[in-house]
Amino acid sequence: MRVTMILPALTEATSPLFRPIKYSLFPPLGLATLAGYLDPDDEVRILDEHVERIGGQVADDRPDLVVIQVYITSARRSYELADRYRERGVFVALGGLHVTSLPDEAAAHADAIFLGPGEDTWPRFLADFRRGEPAKRYVSTERTLQGLPPVRRDLIRRERYLVPNSIVVSRGCPHHCDFCYKDAFFAGGKSFYTQLVDDALAEIDRLPGRHLYFLDDHLLGNRRFAEALFEGMRGMNRVWQAAGTVDAILAPGLLEKAAAAGLRSMFVGFETINAGNLAEQRKRQNVGRSYEAVARRLHDAGVMVNASFVFGMDGDGPDVFDRTVAWGVDVGLETATFHIMTPYPGTALFRRMEAAGRIVHRDWDRYDTRHVVYRPRGLNPSQLEAGYWRAYRDFYRWRSIWRGAAGKPRDYRMRHLAYAGGWKKFEPVWDALIRSRQVLRALPLLETTLNGMRR
Ligand code: B12
Ligand code: SF4
């Protein structure tokens with residue numbers, strides 16, 4: 001059987017807003033996971049539009065099966081590709097987060113759609129398809145990561161990504177924030193589950209080089225699992241990055257174990273510095289926690305902070321941007337990611353906004369956390385968009401980067417400057433590396449930087 005798997009990009013990678021380096025970070029792990037279920041004699045390839053123009057490759061492509069992973073921001077493009085394949089009589093399977101949120105919309109462009117994670121439904125479909133009796137809709141209910149076939153990393157062209165060693169050892173998260181994709185995607189079964197520790201360690205062991213990026217929503221979400229994983233990773237000489245929540249970082253002992261196993265940078269969902277917003281978004285694990293203590297604890301453990309903030313919640317007024325940036329610079333955050341609040345279909349936030357008549361349009365292209373797609377309360381849409389861009393500019397000014405780094409010990413000060421500067425200040429260098437397919441060459445530099453400028 002011949003199979004083409006496609007991860008379409010949000011704007012065909014031609015928009016001026018497209019930052020090549022942001023999209024050349026991670027390979028299509030979801031599709032490589034699904035490819036693991038195919039037979040060894042199946043002919044399969046993965047196309048990732050974030051790192052290549054795919055027009056020529058899909059123009060006359062007539063495989064037996066096309067698989068497209070659909071995110072909200074790439075839905076339009078995904079449907080366009082799906083329609084073209086179907087016109088040619090090729091069977092099209094659509095799955096992923098957006099298909100799960102809006103199955104009827106997706107079904108109009110597919111021969112089969114998949115709701116939720118694919119580990120149970122995909123092998124079932126493959127058996128049906130080979131028998132010539134595929135169903136139109138597959139809904140995931142059985143959730144386990146045990147006994148899975150290995151991820152087909154051989155299909156990933158490592159040289160196209162800065163972080164080819166991305167890995168997930170769990171799915172979902174134990175929390176239930178209103179704006180998050182998670183509850184909708186995992187409806188109908190468990191919404192947080194992990195691999196067996198030994199399987200996770202074996203997968204880590206298979207990855208070449210030193211650097212790892214855990215894409216798990218919350219790597220610290222199951223303390224027993226996390227402790228055993230970090231214990232097993234000690235001595236593997238890895239440096240790695242991951243995401244975790246405020247409460248888990250403050251929990252005594254766990255962070256130290258992670259740092260001893262090689263954790264060097266952590267993505268933290270602070271979301272907002274306005275306490276009232278947290279209750280509104282059911283972000284209970286953040287309520288009443290000292291964010292200063294979180295930043296201090298991470299820095300004391302030698303871990304850089306990548307802080308995530310959302311602007312436009314109902315408690316935010318026009319001062320929220322400057323206050324957030326000032327706080328971040330004061331506590332020495334190395335990097336920050338800002339978002340305009342975006343109600344994704346299927347979430348509790350979307351339902352609440354829709355019931356209140358506050359959703360202004362359904363142009364999914366603009367549900368990219370850079371545009372205002374709802375009626376905000378405490379500030380108007382143009383203030384919100386302008387403030388969002390200003391926050392990025394102000395946070396990544398050299399003056400702010402110097403100030404944030406200033407109070408740190410020498411090695412960590414250099415690391416802060418190199419990491420924040422490298423990420424935002426050398427765009428032409430990244431572009432040149434990406435264009436010449438050399439981006440992977442920057443990985444040793446990333447490893448050295450993460451390691452406090454030491455090899
Ligand atoms: C890595 C990542 C990225 C990477 C690359 C994506 C990639 N290479 O896959 C980059 C940096 C490019 C990125 C960018 C963005 N991202 Co992003 N990203 C992620 C992240 C952290 C991990 C994805 C991942 O690899 N998961 C692990 C794999 C194993 O799971 P999976 O991909 O979901 O695949 C499984 C299932 O979905 C399913 N499946 C998927 N497709 C199909 C198809 C079929 C036929 C079948 C059967 C099954 C199936 O089976 C797979 C195995 O179970 C997720 C968070 C998350 N936990 O998913 C956010 C996430 C997907 N991103 C999100 C967003 C909003 C964005 C941005 C818009 C952010 C921004 N402001 O720029 C952009 C735009 C992306 C785009 N192209 O449209 C949202 C998506 C919301 C939505 N409803 O679509 C998420 C959920 C984050 C969040 N919590 O809000 N992202
Ligand atoms: S903690 Fe993060 S991943 Fe978990 S539900 Fe909240 S936003 Fe989603």
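Derivation of every value follows stated rules applied to the coordinates shown; laboratory data play no part. No experiment lies behind these values; they were computed from the predicted model shown. Quick reminder, even Gly has a Cβ in these numbers, built from the backbone with ideal geometry, and neighbours come from all protein chains shown.
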field: Check: the stretch 1-96 dipole with +1 on Lys, Arg Cβ and -1 on Asp, Glu Cβ, in debye
entry: 420
task: Give the peptides 301-309, 187-195 in descending order of average Cβ contacts within 10 Å, highest first.
output: 301-309, 187-195
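Beyond 42 Å, what share of the Cα-Cα pairs of the chain is found? Please give it as a whole percent.
Value for the chain (Cα pairs over 42 Å): 12 percent.
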- request: For Lys136, go through the aspartates and glutamates and keep the ones whose alpha-carbon is under 15 Å away, minus same-chain ones fewer than eight residues off.
  value: Asp104, Glu105, Asp111, Asp128
query: Roughly how many nanometres apart are two label points built 7 Å out from the Cα toward the Cβ at Asp198 and Asp41?
result: 3.3
field: Computed [θ] at 222 nm, helices only, for the chain once each DSSP H run of length n ≥ 4 contributes -39500 (n - 2.57)
entry: -11000 deg cm²/dmol
field: Qualifying aspartates and glutamates (Cα of each under 15 Å from Cα of Lys283; at least 8 residues distant if same chain)
entry: Asp178, Asp183, Asp217, Asp247, Glu271, Asp314
task: At q = 0.09, 0.15, 0.18 Å⁻¹, what is the base-10 log of I(q)/I(0) for the stretch 2-139 according to the Debye formula with one equal point scatterer per Cα and no solvent? Please give it to two decimals.
output: -0.24, -0.69, -1.01
message: Taking the Cα centre as origin and putting +1 on Lys and Arg beta-carbons and -1 on Asp and Glu beta-carbons, what dipole magnitude results for the stretch 271-373, to the nearest 20 debye?
response: 440
statement: Sorting Pro103, Leu65, Leu229 by the position of each Cα along the dipole of the chain (Lys, Arg +1; Asp, Glu -1; all at Cβ), the one nearest the positive end of that ordering is Leu229
- request: Using per-residue counts of other Cβ atoms within 10 Å, averaged over each peptide, order 4-10, 254-260, 424-430 from highest down.
  value: 4-10, 254-260, 424-430
query: Stokes-Einstein D for the stretch 228-328 at 4 °C, 1.567 mPa s, Kirkwood Rh over Cα pairs, in µm²/s?
result: 89
- prompt: In percent, what relative contact order does the stretch 207-314 have, based on Cα pairs under 8 Å that are 6 or more apart in sequence?
  reply: 27
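Fully extended, how many nm does the chain gain between Met414 and Arg362 (0.36 nm per residue separation, minus their Cα-Cα distance)? List each step's numbers first, then the result.
Details: separation 52, 0.36 × 52 = 18.72 nm, distance 4.45 nm.
14.3 nm is the gain from fully extending Met414 to Arg362.
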message: With a cut-off of 8 Å between alpha carbons and a minimum separation of six or more residues, what is the relative contact order of the stretch 2-139 in percent?
response: 24
query: Taking a point 7 angstrom from the Cα of Arg19 along the C-beta vector, which residues in the stretch 303-337 have backbone N less than 13 Å away?
result: 307-309, 335-337
statement: If unit charges are put on Cβ atoms (+1 for Lys and Arg, -1 for Asp and Glu) and the dipole of the chain is taken about its Cα centre, the option from Ile54, Ala35, Gly317 lying farthest towards the positive end turns out to be Gly317
statement: The rounded separation in angstrom of the Cα centers of the stretch 353-371 and the stretch 179-236 is 32
field: Separation of alpha-carbon centers, the stretch 404-424 and the stretch 283-316, rounded to whole Å
entry: 19
field: Overall dimensions of the stretch 305-455 as given by Cα atoms, namely Rg and Dmax in Å
entry: 18.3, 55
